[in-house]
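Visitor: Please read through the structure below; I'll follow up with questions.
The values are calculated or read from the model by the stated rules, or taken from the named source; none is laboratory data. It should be emphasised that the depicted structure is a prediction, and the values quoted were computed from it without experimental measurement. Just so you know, the surface numbers come from the protein's heavy atoms only, side chains and all, with ligands and any DNA or RNA stripped out. Shrake-Rupley method; radii C 1.70, N 1.55, O 1.52, S 1.80 Å.
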Amino acid sequence: DSFWIKVDDGTFERFNGLETSAWSWVKLETFALKAGEHTLTIGLREDGAKLDKISISSDPFRPEGMGEPAVNLGESR
């Protein structure tokens, strides 16, 4: 599956071939952010493409297992 991702007013970057055969965290990118609010925009490139969870963290390590329960904090269109 493929996705377009941008942070704040940056340009969209394409992330392609994110298929996994089982549950897996995939590190997409590292962004240098300053303290404050930011906007993450994700565009789906293919019909039916889905993301199960997104983790944004200053911790250099991935979440363990499936991580905390998912919560929708923004709008989806």
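Visitor: Give me the number: length gained by fully extending Phe61 to Phe31, i.e. 0.36 nm times residue separation minus the C-alpha to C-alpha distance, one decimal in nm.
Guide: Details: separation 30, 0.36 × 30 = 10.80 nm, distance 1.49 nm.
Taking 0.36 nm per residue and subtracting the Cα distance, the gain is 9.3 nm.
Visitor: For the range 25-71, with every protein chain kept in place, what is the accessible area per residue (1.4 Å probe, Å²)?
Guide: Values: 4410 Å² over 47 residues.
Ligands and nucleic acids excluded, the result is 94 Å² per residue.
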